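The values are calculated or read from the model by the stated rules, or taken from the named source; none is laboratory data. What you see is a predicted model; the values in this text were computed from it and never measured. Here the Cβ positions follow ideal geometry from the backbone for every residue, glycine too, while neighbour counts run over all protein chains shown. Keep in mind that these areas ignore ligands, DNA and RNA; they rest on the heavy atoms of the full protein, side chains included. Shrake-Rupley method; radii C 1.70, N 1.55, O 1.52, S 1.80 Å.
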Amino acid sequence: MFVLGVDPGLSRCGYGAVTRRPDGSLAASAAGVIETDPGAPVPERLRLLQRELTSLLAEVQPAVVVVERVFFQVNAKTAVGVCQASGLALAAAAERGCAVAQYSANEVKQALVGYGNATKAQVQAMVASVLGLGTPPRPPDVADALALAICHLSGAGLRAALHGAVALGGGR
């Protein structure tokens with residue numbers, strides 16, 4: 001399965017594509033950041049982000065797009081931009097016909113590091129370890145996007161088993 005993680009943001013939107021190799025290990029095949037000019041009008045920034053996300057999805061053709069669910073933001077202005085970027089990523093994935101999943105930052109940290117309040121440095125180190133990278137991915141937006149994809153791939157077997165149990169009547 002090929003998964004694209006998206007760490008939404010209006011100024012910097014991280015992305016990371018991860019696939020499962022035949023031996024079961026995970027590998028990153030693409031990662032980066034889509035940036036918009038903070039001085040540009042918001043509609044123009046959203047247009048640019050939408051165009052770049054659409055182009056990225058056409059290029060990498062993921063089976064699943066995983067977008068960080070906005071759970072809590074201290075800064076309301078930042079929260080609005082993150083929500084706008086998240087909406088664009090979700091819509092672009094739906095338009096492309098991709099399956100979509102969402103996880104909060106705490107869910108990803110818990111799945112990857114084993115601790116929901118893990119630091120950015122801990123997440124970056126674990127992403128590097130899981131993907132066999134020589135150095136932690138930077139900036140943190142890239143590591144977060146890769147972590148989203150890893151989180152989804154790591155839980156895929158459990159989700160399939162649970163789905164099978166429910167389909168067989170075991171989930172009543």
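Return the only residue of 51, 69 being over 29 Å from residue 135 (Cα atoms) and either among the acidic types (Asp, Glu) or free of Cβ contacts under 8 Å to residues at least 60 places away in the same chain (or both). So that I can check it myself, show each step before the final result.
Numbers: 69 fails: over 29 Å from residue 135 (Cα atoms).
So the residue among 51, 69 that is over 29 Å from residue 135 (Cα atoms) and either among the acidic types (Asp, Glu) or free of Cβ contacts under 8 Å to residues at least 60 places away in the same chain (or both) is 51.
Residue by residue through the stretch 5-34, note down the ones that are within 16 Å of residue 93 (Cβ to Cβ) and of a type in the set (Asp, Glu).
7
Mind checking which residues of the stretch 98-108 are among the small types (Gly, Ala, Ser), modelled with pLDDT of 95 or more and either surrounded by fewer than 18 Cβ atoms within 10 Å (Cβ to Cβ) or in contact with an Asp or Glu (Cβ under 7 Å, 6 or more places away or on another chain) (or both)? Walk me through how you get there before you give the answer.
Taking the stretch 98-108 and keeping what is among the small types (Gly, Ala, Ser), we get 99, 101, 104-105.
If we keep only those that are modelled with pLDDT of 95 or more too, we end up with 99, 101.
Of everything in the stretch 98-108, just one residue is among the small types (Gly, Ala, Ser), modelled with pLDDT of 95 or more and either surrounded by fewer than 18 Cβ atoms within 10 Å (Cβ to Cβ) or in contact with an Asp or Glu (Cβ under 7 Å, 6 or more places away or on another chain) (or both), namely 99.
Please go through the stretch 86-97 and give me each residue that is of a type outside the set (S, T, N, Q) and buried (at least 20 other Cβ atoms within 10 Å of the Cβ), ordered by number.
The answer is 88, 89, 92, 93.
So which strands (runs of 3 or more DSSP E) stay within the stretch 1-48 end to end and still have 1 or more residues that are within 22 Å of residue 106 (Cα to Cα), more than 12 Å from the chain's Cα centre (by Cα) and charged (D, E, K, R)?
Numbers: elements: 2-7, 12-20, 26-35.
Answer list for the stretch 1-48: 12-20.
When you look at residue 111, is it open to solvent by 50 Å² or more (accessible area, probe 1.4 Å), hydrophobic (A, V, I, L, M, F, W, C) and in contact with a helix residue (DSSP H, G or I) (Cβ under 6 Å, 6 or more places away or on another chain), yes or no? Walk me through how you get there before you give the answer.
On the way: open to solvent by 50 Å² or more (accessible area, probe 1.4 Å): yes; hydrophobic (A, V, I, L, M, F, W, C): yes; in contact with a helix residue (DSSP H, G or I) (Cβ under 6 Å, 6 or more places away or on another chain): yes.
When the stated conditions are applied, residue 111 passes them.
Tell me whether the stretch 117-128 contains one or more residues that are of a type in the set (A, V, I, L, M) and under 14 Å from the mean Cα position of the chain (by Cα). Lay out the reasoning, then the answer.
Initial filter on the stretch 117-128 (of a type in the set (A, V, I, L, M)): 118, 121, 123, 125-128.
Cutting the leftovers down to under 14 Å from the mean Cα position of the chain (by Cα) gives us 123, 127.
Taking every residue of the stretch 117-128 in turn, at least one turns out to be of a type in the set (A, V, I, L, M) and under 14 Å from the mean Cα position of the chain (by Cα).
Return the only residue of 143, 111 being under 18 Å from residue 4 (Cβ atoms) and within 13 Å of the chain's Cα centre (by Cα).
After ruling out the rest, the residue left standing is 143.
Quick one: residue 67 ticks every box in (1) at pLDDT below 95; (2) touching a Ser or Thr at 6+ places or on another chain (Cβ under 6 Å) except a single one, so which number is it?
Looking at each condition in turn, residue 67 falls short on (1).
Output the qualifying pairs, or none if there are none: Cβ atoms under 8 angstrom, residues six or more apart or on different chains, first residue in the stretch 103-129 and of a type in the set (Lys, Arg), second residue surrounded by fewer than 16 Cβ atoms within 10 Å (Cβ to Cβ).
109/115; 109/116; 109/117
Conditions first: (1) modelled with pLDDT of 95 or more; (2) within 15 Å of residue 132 (Cβ to Cβ). Residue 21 passes all but one, so which condition is the exception?
(1)
What tally of residues in the stretch 8-66 results from selecting those that are farther than 22 Å from residue 153 by Cα and among the β-branched types (Val, Ile, Thr)?
Number satisfying all stated conditions: 4.
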